[in-house]
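What follows is a short report on a single structure.
Just so it is clear, none of the values below were taken in a lab; they were calculated from the coordinates. All figures in this text were calculated on a predicted structure; none of them were measured in a lab. Note that each Cβ is placed from the backbone with ideal geometry, even for glycine, and that neighbours are counted across all protein chains shown.
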Amino acid sequence: MTNAEIAAVFDEIADILEFQGENPFRVRAYRNAARTVGEMAESLEHLVAQGADLTQLPGIGKDLAEKIKTLVETGRLEQLDKLRAQVPESVLQLMHIPGLGPRKAAALYKQLGITNLEQLRRACQEHRVQKLRGFGAKTEEAILRGLQVAEVASKRILWAEADQFAQEIKAHLAQVPGVEQLEVAGSYRRGKETVGDLDVLVVAEDSDPVMDRFAQYHAVAEVLLRGETKMSVRLHSGLQVDLRVVHHQSFGAALVYFTGSKQHNVVLRSRAKQRGLKINEYGVYRGSEYIAGRTEEEVYATLDLPWIPPELREARWEFDWADSGRLPKLLELKDIRGDLHMHTNATDGKATLEEMVQAAKQRGLKYIAITDHSKRVTMAGGLKAEELLAQWEQIDQLRKRFRGIHILKGVEVDILERGGLDIDDQTLAQADWVVASLHYGQNQSEDRITGRIVDALAHPAVCAIGHPTGRLLGRRERYAVDIQRVIEAAAEHGKFLELNANPLRLDLDDMHCALAREHGVLIVISTDAHSTEGLNVMRYGVLQARRGGLEARHVLNTRPWSQFEKLLWRARGGKLSTGKK
Ligand code: DGT
Ligand code: CA
Ligand code: CA
Ligand code: ZN
């Protein structure tokens, strides 16, 4: 158990005791212990292993020292389990609302029978709370605001959003004299599609100037905690950012530790144990002797592992791959040569056809497909067959003017609710590239939805399925679709599946990409751009593909044009593809 975990246990005990109206001195003893433990630089695990006398620590008596020992050795404390059983979990949530705390939560529970957040909100809105002793109109408003903050804080944010903060914070802290190294770890570094909080790691001899500067970051709303080596803030957006200042000899170990994932770290610890070593955020130790920790490479090497890319650190396949020398050479943004899903102002895009081509060329793309919506997507002003044909004539004109980029005549054809495609076969046969997407009838059964998609894959004109699960992160669940069957159908027909790079979609996800890879189905990573700037989201798709373990060879649009053309020709049954100039 880490110091932070032990501190959290003491804090929770204090919360529950206070909620139960226990003796304030007893409550304070646990709070003090939590603070002492939370701010200690040295690991308690380490101290316990060395048989150190913990009662020397401020605020730690015999009883607490014993509890620390139990926690380190067993990972549990019976006392906490018993306390938790005495209070419903939803009530425990109440006391973590900013502006409430255990005592006020207890009053609400006892006097108004409030046991969860929803009841609390209603009681505030009905002004029942302000009538209680010790509460007033102001408290009531504060609780409502607190509920909002808690809601925001409990929400994970998109990686792309987290990235903006991460970049800013790095630039902000890099200016502190004495900062030797600086990295944002955690799920952010692993490229997870959503991020719970940011974990910033800094190497500096003196932590004070770093922390002072951190507190001045413009987006900081509140400093939640500031200790010797660790600090936490909440941003106005609700996002929490944790900062650790470490010694350079621990940087690699801390980077491994705070990059996670937790499951990956669990495996690392057991590998260390097998080798008679101990690994924590300070380094790798043999007994009490420090043997590594400066760099990640050095840390992994002590466990007979090569350096593992952060995107793979989920305790999925990375250890098998590493042990057998099969770690992939992951895809990179510079491998991408084409973009095969984008819209123009002929439907719901913002830019003209020509502007999109121009912007794609500026970004160094060698081939693109223009894929406006078909008519069924009325909200987006989808195109009828003759409108598509007219657009393709325009493309013929543009091809004469733009050198060095292949412009494919494409369409994002809707997969209809009743099955089948929204554009007639004869027109589709004249397209160079057809993405089929499902926008309507998303509440149908898994069987029907899967059937619609599998049928689309069997259609000779269709090249790829767009955003195959339809999810919108944090907003809309994916529809019921059997991805296994979709991948098998794609494999059978030699078709491609999209990884939509829009940070709100990232659809297919990492696990699906890995499954497609296993079945030999090529992924096409597309921006689905609705503006020229929309072309910039490609990097989010690349990150997701990396998490799925994809290499350049697993992705269709990394291929040079000549190879791409052959693959496309094959996917369409050896017919068509007139995209060549
Ligand atoms: P998030 O923030 O929910 O998106 O996910 P993470 O992975 O960034 O998790 P976070 O911020 O709680 O912790 C960052 C890393 O630090 C985590 O991936 C592994 C390590 N870590 C944090 N807390 C613990 C813990 O209680 N036990 C262990 N073993 N590792 C932890
Ligand atoms: Ca985190
Ligand atoms: Ca964190
Ligand atoms: Zn689209």
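Please give the net charge around Glu387, taking every other residue with its beta carbon less than 12 angstrom from that of Glu387, where Lys and Arg add +1 and Asp and Glu add -1. Display every interim value, and only then the final one.
Numbers: positive: Lys375, Lys384; negative: Asp372, Glu386, Glu393.
Summing Lys/Arg as +1 and Asp/Glu as -1 gives -1.
Could you pull the Cα extents of the range 333-572 along its three principal axes, largest to smallest, in whole Å?
46, 36, 36
For Asn32 and Leu112 in one chain, what is 0.36 nm times their gap in residues minus the Cα-Cα distance, to one decimal in nm?
That pair, Asn32 and Leu112, stretches by 25.7 nm at full extension.
At 7 Å along the Cα-to-beta-carbon direction for both Thr74 and Ser288, put a label point, then send me their distance in nm to one decimal.
2.7 nm
Okay, helix-only estimate at 222 nm for the chain: each DSSP H run of n ≥ 4 adds -39500 (n - 2.57), divide by all residues, round to 500 deg cm²/dmol; what do you get? Mind showing how you got there, number by number?
Details: 24 runs with 255 residues, N = 581.
My calculation for the chain gives -13000 deg cm²/dmol from helical runs alone.
Out of the range 449-530, which GluC sites (Glu not before Pro) are coil in DSSP terms and have no more than 16 other C-beta atoms within 10 Å?
Passing both the DSSP loop test and the Cβ count: Glu477.
DSSP loop trypsin sites (Lys or Arg not before Pro) in the range 455-512 with at most 11 other Cβ atoms within 10 Å of their Cβ, which ones?
Details: sites: Arg471, Arg475, Arg476, Arg478, Arg485, Lys495, Arg505; in loops: Arg471, Arg475, Arg478, Lys495, Arg505.
Passing sites in the range 455-512 are Arg475.
Relative contact order for the range 80-131: what is it in percent, counting Cα pairs under 8 Å that are at least 6 residues apart?
Contact order relative to length: 29 percent.
Find the centroid of the Cα atoms in the range 303-332 and in the range 359-392, then give the distance between the two in whole Å.
Distance between centres, Cα-based: 39 Å.
Please give me, ordered by residue number, the trypsin sites (Lys or Arg not before Pro) of the range 377-454 that lie in loop per DSSP and have at most 14 other Cβ atoms within 10 Å. Don't jump to the answer; show the numbers that get you there.
On the way: sites: Lys384, Arg399, Lys400, Arg401, Arg403, Lys409, Arg418, Arg448, Arg452; in loops: Lys384, Arg403, Arg418.
Passing sites in the range 377-454 are Lys384, Arg403, Arg418.
Rounded to the nearest 0.05, what FRET efficiency do Gln56 and Glu180 give with R0 = 45 Å and r taken as the Cβ-Cβ distance? Could you check?
Details: r = 32 Å, r/R0 = 0.71.
It comes out at approximately 0.90.
By how many nm would the segment from His248 to Gln130 lengthen if fully extended, with 0.36 nm per residue of separation less the alpha-carbon distance?
Details: separation 118, 0.36 × 118 = 42.48 nm, distance 5.26 nm.
Between His248 and Gln130, full extension yields 37.2 nm more.
Once phi is turned into θ = phi - 60°, what whole-Hz ³J(HN,Hα) does the Karplus curve with 6.51, -1.76 and 1.60 give for every residue of the range 526-539, x standing for Gly and Pro?
10, 7, 6, 5, 10, 6, 5, 5, x, 5, 7, 6, 3, 5
Can you give me the P(r) profile for the chain? Cα pairs, bins 20 angstrom wide beginning at 0, each as a whole percent.
In whole percents, the pair-distance histogram is 18, 42, 31, 9, 0.
Pop the C-beta distance of Lys138 and Ser237 into the FRET formula with R0 = 35 Å and round what comes out to the nearest 0.05. If you can, show how the numbers build up before the last one.
Details: r = 25 Å, r/R0 = 0.71.
Computed FRET efficiency for Lys138 and Ser237 comes out at 0.90.
Could you name the lysines in cross-link range of Lys334, using Cα to Cα under 18 Å and dropping any fewer than eight places away on the same chain?
Within reach: Lys361, Lys366.
Could you calculate the FRET efficiency of Gln119 with Ala85 from 1/(1 + (r/R0)^6), where r is the beta carbon distance between them and R0 is 30 Å, rounded to 0.05? Could you put the intermediate results ahead of the total?
On the way: r = 22 Å, r/R0 = 0.72.
Once rounded, the FRET efficiency stands at 0.90.
So who's got an amide H within less than 5 Å of the one on Thr115, skipping anything under 5 residues away but keeping other chains? H placed 1.01 Å off N, in plane.
It is none; the list stays empty.
By per-residue mean of other Cβ atoms within 10 Å, what is the highest-first order of 363-369, 177-183?
Values: 363-369: 21.0, 177-183: 14.9.
Ranking the peptides 363-369, 177-183 by packing returns 363-369, 177-183.
Could you rank the peptides 39-45, 238-244 by their average count of other C-beta atoms within 10 Å per residue, with the highest value first?
Details: 39-45: 17.3, 238-244: 20.4.
The densest-packed peptide leads the list: 238-244, 39-45.
Length gain on complete extension for the stretch Glu488 to Asp447, per 0.36 nm per residue less the alpha carbon to alpha carbon distance?
My answer for the length gained is 13.3 nm.
Convert each backbone phi in the range 211-221 into a coupling constant with the Karplus relation 6.51 cos²θ - 1.76 cosθ + 1.60 (shift: θ = phi - 60°), then list the ³J(HN,Hα) values in order as whole Hz, x for Gly and Pro.
Listing the rounded values in order: 5, 4, 5, 4, 5, 8, 4, 4, 8, 6, 9 Hz.
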